[in-house]
1. Against the condition facing another protein chain (nearest Cβ under 7 Å), more than 30 Å from B:Ala643 (Cβ to Cβ) and either assigned to a helix (DSSP H, G or I) or at pLDDT below 65 (or both), how does C:Glu173 come out, does it pass?
2. Kindly establish whether B:Ile641 is modelled with pLDDT under 90, within 12 Å of chain A (Cβ to nearest Cβ) and in a helix (DSSP H, G or I).
3. For B:Arg378, state whether it is at pLDDT below 85, outside any loop (DSSP other than H, G, I, E, B) and over 30 Å from B:Gly529 (Cα atoms).
4. Could you list all residues from region B:538-588 that are at pLDDT 80 or above and acidic (Asp, Glu)?
5. Could you list, in sequence order, all residues of region A:8-18 that are without any contact (Cβ under 8 Å) to a residue 40 or more places away in the chain and facing chain C (nearest Cβ under 7 Å)?
6. So which pairs qualify, if the first residue must be in region B:554-579 and under 22 Å from B:Glu452 (Cβ atoms), the second must be basic (Lys, Arg) and in a helix (DSSP H, G or I), the Cβ gap must be under 9 Å, and the two must be at least 6 apart or on different chains?
7. Output the residues belonging to region B:383-403 that are free of Cβ contacts under 8 Å to residues at least 40 places away in the same chain and aliphatic (A, V, I, L, M).
8. When only residues in region B:381-398 that are hydrophobic (A, V, I, L, M, F, W, C) and in a helix (DSSP H, G or I) count, which is surrounded by the most Cβ atoms within 10 Å (Cβ to Cβ)?
Amino acid sequence: MNISIEHYLVLSAILFVIGAYGVIVRKNLIIVLMSLELMLNSANLAFVAFSRALGDMTGHVFMIMSITVAAAEVAVGLALLVSIYSHRETLDIDVLKLLKG
Amino acid sequence: MIVWIILFPLIGAVINGLLFASGFWKKVCRGDEHSEHSISSLIASGAVLLSAILSTFYFVQLLSLDPPQRQIIQELFVWIPSGDFTVSFELMFDTLSSVMALVITWIGFLIHIYSIGYMHHDKAFAKYFTYLNIFVFFMLILVLGNNFPLMFVGWEGVGLASFLLIGFWYEDNEKAYAGRKAFIVNRIGDFGFLLGIFLIFFIFGSVNYQDVFGKAIDPAFMSAVPGVTITAIGLLLFVGAVGKSAQFPLYVWLPDAMAGPTPVSALIHAATMVTAGAYMMARCNVFYSQSPTTQMVVVSIAAFTAILAATIAITQNDIKKVLAYSTVSQLGYMFMAIGVGAYAAGLFHLVTHAFFKALLFLGSGSIIHAMSDEQDIRKMGGLRKSIPITAITFLIGTLAIAGLPFLSGFFSKDEILAALYDRGYTIHWIVALITVVLTALYMLRLYLLTFEGKSRVPESIKRYVHESPYSMTIPLIVLAVLSIFGGYIGVPDFMGRIIGLHDTNLFEHYISPAILLDNAKEVGHHLFGHWALVGFSIGGAALGIIIAFYLYYFKPSAPGEIANEIEPLYKASNNKWYVDELYDYIFVQPFSYLCTMAARFDQKIIDGAVNGVASVLKDTAYTLQTAQTGVIRSYATLMAIGAAAILIIIVLW
Amino acid sequence: MFDYLFIPNILYSSKGEYSTRRTFTSLETVVFYVFAALALAGALMVISFKNPVSSALSLVLTLFSTAVLFVLLLAHFVAVIQILVYAGAIMILFLFTVMFLNLKPESLKFESKHLGFKVSALLVILLFVGYFASLGFKKGLFLSNTSVSEMEGFGTVQGVGTTLFIDYLLPFELTSILILVAIIGVVIIAKKRAN
């Protein structure tokens, strides 16, 4: 059976959903960030799949940009996390609700 | 350049008004009230004097023209350019308006002079003169306008000025209410007037006098117009006159209007504003002469008004009220004349009435001034020795209004009575004759109770009784002279012929170019000739005078006894036949009930709706606020659900 | 690129005798399914473990598997970059933070009372995803993996470089600024305040 592009896309979608589920369900902030990375990874997979299907290198370039952005975002996120932990001694996102409206 | 006739009072009003309001006068005169008053009165009186001189000048110019061409028209600008309906600010100085303009400006000038003395102690001196000038301005627009809308502008404007002046001492609530009552009752008449103008435009396609009257006397045009329409126009315009000129049933504001300063009563409610209705109907003579129905209505109402007012006047105890009801009665006379088609007679009475009624009012003002603001004639008596000039002029005015031969009132009243009889309105003639008796009766009563007999003046006032200053007595003297000699411009033909003069009725001849249609049909019985009629009117006046003398001079106790005998009648007459109370019951109370209901509706329902919307929004906001918990997880959940929903919608559609 | 390999398939018939049938299974298919399964397994482990370190290591597994899938898609350069940067640097950063903060394994009782809801939500979402995907197949949204005219150097460093520095130079520069901003931000945020 030939592997066609649809297979990759379905895989990407499933990974995305698992990542979304992780963001919603998990309590620990670090796990949430990791699930976020999972979602980004699935998007990258979709990019590259399309790039192969259309024969255009743009997808690869976008993927590189995406990795870059992910790196920056992880850095800042972890910095915030460290700072929060040093103030509040907890990483439970149910406890961190100062943003209450 | 007849526009300057109306511009001078306007400029005077503006200067006085602005400078008074801004306190400029106080600063300039540095608190010297005397010079403050001088400047104000100089500007105001000077403005009216200039108008008067201009009017006279143009009057003389008119005389130099041929009778059919006695018209000066000046168009200033187009006021309402609206397709077919174009109204321009156009003034016309013809014979009719010249008479009115002369009366307004010259008598206005005299009253301005009088006011200088009368209002001397008043704080709002300049405001008073501003209002007076505003009044003169609007009254002149009324008489000089060349189309109906412009007349209506003047009509409303004098109503406004009247309101302002009646309620001049507004700190006293009763006086303010009197002003309000005048304006509202006037408004009722204005409504009819407006409807009349609309109908005129609908039928004639224009509101310009020349256009409308030209079409109205054209038999070819009028054959297409149903008679009912002309009657309707006449009646609607008459409704306006009923309001403005205090006929029954809209006369109730005039006695209350006596709350204003006495010169105001003299100018507005005797000589000029109340005569606007008569002027208007004389101007629209073409409508009235073509509609016998309207004429009957007008004469009947006028006659009823005349006698009704006279029956109230004989029991009133306030000088000004007596004069007010007298004015209503005399206005009835004017409208009787106009109603039968004797326009010249009505206008002649308008002029002579202006003379002696202004004189009487100013005289009463002088009395009130002498009596330290006491107006009850039961507290007067024997004043002739203390204030002789006032007394003599007042007597002249009284005799003039009573119709003593050779005074002005005699000629005008007589002409009206003759017109009534000659044109077949016999019943009305009898009513008018009875009113003559009553008029003489109550006027002489007024004079006798005030000036003759034993003095009933309270001690506290007695020592302050003094004659008025020159600024007040000179106008009195001038008006007295006019009351005596003013009648000679309208001597009827048959009288003049005795001494060999022909066409002695100068007034009638002068007015006639403006009277385009005059149904002077003499269909009377001719049972009595002219001289007999004259005899009747003189007899009636004499009867009234004799009764008055008997009751109030020779046997002062008699009136009290008579009043006791016919107590219910006396009380009713004294209380104005309870007309005001009737109006209050029928109109005012239901209306104020309606207003209360409307106010409550507005408060509960409309405000409730608005507040309800606001509270609904508030509750919604509170409910939605609960979604903002600050818990990140729920935010993330909602975002995921939302994104999924959007995806579904996009893909499925 | 990959030739079909000849892999014998042994089939046992119901009669007990065996016969050799030559079927053609491409190496590509096998590799795909294996590493896809690994990726999925890794993802599921990320969201399941109590220990943050375990989660991080599972994520590394997922990233590795994805890198292999990239190679299957002829994106060699990107695959290597993924391993170096993503699995290498970023995950190291995660692990470093976890170690640094000395995070204990948390009690994973799904503190929320709605476990059933969450599981069913996951299933529903998966269902929708599958539905859309199939819709896409039917509508022909996606292209089949037939031979596409490939540009010169598809997936190689040369190809990436050409596209990146010629067509997408501006975004490249902006990305570098983004990284600079992130660095500055991180330094400011994580600095110890003098309090």
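The values are calculated or read from the model by the stated rules, or taken from the named source; none is laboratory data. These numbers come from a predicted model, not from an experiment. A quick note on method: Cβ atoms are made from the backbone with ideal geometry, for glycine too, and the neighbour counts reach across all protein chains shown.
1. Considered against the rule, which asks whether it is facing another protein chain (nearest Cβ under 7 Å), more than 30 Å from B:Ala643 (Cβ to Cβ) and either assigned to a helix (DSSP H, G or I) or at pLDDT below 65 (or both), C:Glu173 comes out as no.
2. In short, yes.
3. Answer is yes for this residue.
4. B:Asp580, B:Glu581, B:Asp584
5. Within region A:8-18, A:Val10, A:Leu11, A:Ala13, A:Ile14, A:Leu15, A:Val17, A:Ile18 meet the criteria.
6. Once the first residue is under 22 Å from B:Glu452 (Cβ atoms) and sits in region B:554-579, its partners that are basic (Lys, Arg) and in a helix (DSSP H, G or I) give B:Pro559/B:Arg445; B:Ala563/B:Lys571.
7. Once the filter is applied, which keeps residues that are free of Cβ contacts under 8 Å to residues at least 40 places away in the same chain and aliphatic (A, V, I, L, M), region B:383-403 yields only B:Leu399.
8. B:Phe394
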